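Each reported figure results from applying straightforward, stated rules to the coordinates on display, with no laboratory input. These numbers come from a predicted model, not from an experiment. Every residue, glycine as well, gets a Cβ built from its backbone with ideal geometry; the counts of neighbours run over all protein chains shown.
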Amino acid sequence: MYRVWNYVSAYSLLLITGALVAVIWVNIDAHSYHALVHYVLIDDFFIGEPFDEGGNVQRTLTLHYLVNDGFMAFFFAIAAKEVWEAVILEKGSLRGRKALTPLIATVGGMAGPVVVYLGLAAFLGILPLVHHGWAIPTATDIAFSYLVGRMVFGAGHPAIRFLLLLAIADDAAGLVILAIFYPTAAVEPLWLLMSFGAALAVYLLCNWLPVRRDGADPLRPHSTWMRDKLSFWPYLIAGAISWYGFQEAGIHPALGLLPIVPAIPHADRAFGVFAEAEQYLTDLLNRIEHALKVPVEIVLFFFGLLNAGVEFSAISEPTWLVFFGLVIGKPLGIFLFGWFAARVLRLGLAEGMRIVDLAVIGCVAAIGFTVALFVATVAFKAGDIQDAAKMGALFSFAAAGIALVAGKLARVSKVAD
C-alpha cells in the first residue's frame with residue numbers, strides 16, 4: 001500500500017502553495033517580490049553568489065542562494081537516497097533484466113524533449129539564445145507524476161511500477177546533467193577532493209570501522225553505539241565540507257550532499273519509494289530521511305516562493321520550447337524507446353502492460369515542474385528568457401489533463417491495490 005496523499009501533502013502541496021503565492025505576488029507587485037528574492041543576508045561572505053570585484057571573487061549570501069544552493073541540497077539528497085538504494089541493493093529496482101525496458105524508455109524520455117526543444121528553437125531561429133536550456137524539459141516530477149499515474153492506471157497496475165523506475169532513473173540522469181553541464185563557475189576539480197575525501201573519511205570512521213570491530217557479534221555494539229550516540233552528526237559535518245567543496249569546485253552546490261549518501265549505513269532492503277513500510281526501517285539512512293521530512297517540506301515551500309514568481313507578460317518562445325519539449329518530446333521518446341526495448345530487443349513488458357500504455361506513461365511523465373523549474377534557474381541568467389522558461393515548467397501541469405484523456409482514449413483498465 002502506498003502513502004500517496006501523505007507524500008503529496010508533504011512534498012508537493014507546500015511547493016504548489018509557494019508557487020501560487022509567488023505568481024500572484026509578482027503580478028501584483030513585482031518590485032517587492034524581487035526585493036525578497038534577492039534580499040542580501042550577508043555581504044562579502046564565504047558562501048553565496050560569486051561576483052568579480054577587481055579581479056578578486058567575492059560572495060554575497062542572498063535568500064535565493066540560501067534556498068536554491070543551500071537548503072535544496074537536502075531535497076536532492078533524498079532523491080539520491082532512492083537512486084542509491086535502487087542501484088546498490090541486491091533486489092534494487094534498477095538492477096537486473098527487469099529494469100532494462102524502463103531504463104531504455106528513460107533514455108527516450110530524455111532524448112525526445114531535447115530533440116523537440118532544440119529542433120523547435122532552430123525552426124524559430126532562436127537557437128543561439130536558448131540552446132543552454134536544452135535540459136529543462138528532460139525532467140520528470142516524481143511526486144506529481146506518481147499521483148497522476150495512480151489516477152490514470154490505479155494503484156495496482158504494473159504501469160505504476162514502470163513509471164516509478166523511469167522517474168527514479170530520470171532523477172539519477174538529471175543529477176548527472178546538473179553536475180556536468182551546468183557548473184556555477186569555472187570548474188576547479190581539485191576542490192572535489194575535499195568533498196570525496198570527507199565522504200571517504202566519514203565512511204571509514206563511522207561506518208566501515210564499527211562494522212569491522214563488531215565482527216560476527218549479532219548485537220553489533222560498536223555500530224549501535226555509533227548510530228545511537230553520534231547519530232547523524234558526523235555525516236552532517238562531512239556533508240557541510242562536501243557542500244563547500246562543490247561550491248568552490250564550481251559545481252552546483254545543491255548537489256553537494258550526494259557523495260555523502262553512499263557513506264551512510266543503510267538497510268539491506270528497501271520497500272520502494274512511497275512504500276509505507278519504509279517508515280519501519282531503523283537504519284541510519286532511513287532515519288535521516290525521516291528526520292528531513294518536515295525541513296524539506298518547508299524548503300520546498302520557499303523554493304516555490306522564490307523561483308516560480310513569473311509575470312504573465314513573460315510568456316514567449318522559450319515557454320513553448322519547454323512546454324512542447326515536455327508534452328510532445330517526452331511521451332514520444334518514452335513510447336519509441338520503450339517499444340524498441342520491448343519488441344525489437346525482445347526485453348518485453350511487465351505482465352498486464354500493453355505497448356499503448358507506454359504512450360500514456362509518457363504523458364504522465366511529462367509533468368516536469370520541480371526539477372524543470374530548478375534547471376531553468378541554473379540554465380539561464382535572471383531575466384526574460386529564464387522567466388519564460390520557468391513559465392513552461394509551470395505549464396507542464398497541463399500534462400496531467402493530457403494523461404487523463406490519453407488514458408481514456410487508450411482504454412486503460414484501472415487496477416486497484
Choose one answer from A201, A169, A393: the residue with the largest mean-square fluctuation in a GNM of the chain with alpha-carbon springs under 10 Å.
A201
Cβ charges +1 (Lys, Arg) and -1 (Asp, Glu), total dipole of the chain, debye
1700 debye
Residues with amide H under 5 Å from that of T62, placed H, sequence gap 5 or more:
L41, E49
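So if a site counts as exposed when it's one of the trypsin sites (Lys or Arg not before Pro), its DSSP state isn't H, G, I, E or B, and it has at most 16 other Cβ atoms within 10 Å, what's the longest stretch of the chain without one? Please report the intermediate quantities before stating the final value.
Working: sites that count: R3, K91, R95, R269, R346, R354, K381, R411, K414.
For trypsin sites (Lys or Arg not before Pro) (loop position, at most 16 other Cβ atoms within 10 Å), the longest site-free span of the chain is 96-268.
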Along Cα→Cβ, 7 Å out, is where each label goes; now give me the distance between the ones at D228 and I88 in nm to one decimal.
2.4 nm
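Please compute the contact order of region 120-218 in relative form: average sequence separation of alpha-carbon pairs under 8 Å and at least six residues apart, divided by the residue count, as a percent. Show your work: numbers first, answer last.
Working: 24 pairs, mean separation 20.5, N = 99.
Worked out over region 120-218, it gives 21 percent.
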Ranked by Cβ crowding within 10 angstrom, fewest neighbours first, how are E188, E317 ordered?
E188, E317
Reachable aspartates and glutamates from K98, criterion Cα separation under 14 angstrom, eight or more residues apart if same chain:
E90, E351
C-alpha center-to-center spacing [region 218-262, region 324-341] in angstrom:
37 Å
I want to verify a result. In a Gaussian network model of the chain, Cα cutoff 10 Å, which of these has the top mean-square fluctuation: I328, I361, I28?
I28
List W84, W243 from most exposed to least, where exposure is judged by having the fewest other Cβ atoms within 10 Å.
W84, W243
Listed residue (S413, A372, T60) projecting farthest to the positive dipole end of the chain, Cβ model:
S413
Is region 183-251 best put as rounded, prolate or oblate by its Cα gyration tensor, with a ≥ b ≥ c the root eigenvalues, rounded for a/c under 1.5, and otherwise prolate when a/b is larger than b/c, oblate when not?
prolate
Which residue, A308, A122, A159, tops the fluctuation ranking in a GNM of the chain built on C-alpha contacts under 10 Å?
A122
Excluding residues fewer than 8 places away in the same chain, name every one of the lysines whose C-alpha is closer than 23 Å to that of K229.
K81, K293
Using the Karplus equation 6.51 cos²θ - 1.76 cosθ + 1.60 (θ = phi - 60°), what ³J(HN,Hα) coupling, rounded to whole Hz, does each residue of region 141-147 give in order, writing x for Gly and Pro?
7, 5, 5, 5, 5, 5, 4
Computed from the beta carbon distance with a Förster radius of 45 Å, FRET efficiency for M194 and V344 to the nearest 0.05 stands at 0.45
Just tell me the longest site-free run in the chain, where the sites are GluC sites (Glu not before Pro) in a DSSP loop having at most 16 other beta-carbon atoms within 10 Å.
91-310
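Can you give me the relative contact order of region 183-251 as a percent, contacts being Cα pairs under 8 Å and 6 or more apart? Walk me through the numbers on the way to the answer.
Working: 62 pairs, mean separation 44.0, N = 69.
It rounds to 64 percent for region 183-251.
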Along the charge dipole of the chain, which of G48, A73, L336 sits closest to the positive end, that is, farthest toward it, with unit charges on the beta carbon of Lys, Arg, Asp and Glu (+1, +1, -1, -1)?
L336
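Given the rule -39500 (n - 2.57) for each run of at least 4 DSSP H residues, summed and divided by the residues of the chain, what is its mean residue ellipticity at 222 nm, to the nearest 500 deg cm²/dmol?
Numbers: 20 runs with 236 residues, N = 417.
About -17500 deg cm²/dmol.
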Tell me, what HN-Hα J-couplings in whole Hz come from the Karplus equation 6.51 cos²θ - 1.76 cosθ + 1.60 at θ = phi - 60° for each residue of region 39-44, using x for Gly and Pro?
4, 7, 7, 9, 8, 6
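Going by how many other Cβ atoms sit within 10 Å of their own, how do L258, L349 line up, fewest first? Show your work: numbers first, answer last.
On the way: L258 26, L349 21.
Final ranking by Cβ density, sparse to dense: L349, L258.
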Can you list the HN-Hα couplings for region 260-268, worked out from phi with the Karplus curve (6.51, -1.76, 1.60; θ = phi - 60°), rounded to whole Hz and with x for Gly and Pro?
7, 4, x, 7, 7, x, 10, 5, 8
From Cα pairs below 8 angstrom and at least 6 apart in sequence, can you work out the relative contact order of the chain, rounded to a whole percent?
30 percent
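Can you tell me the length gained on complete extension of the stretch A240 to A410, counting 0.36 nm per residue apart and subtracting the Cα distance?
Details: separation 170, 0.36 × 170 = 61.20 nm, distance 4.90 nm.
That pair, A240 and A410, stretches by 56.3 nm at full extension.
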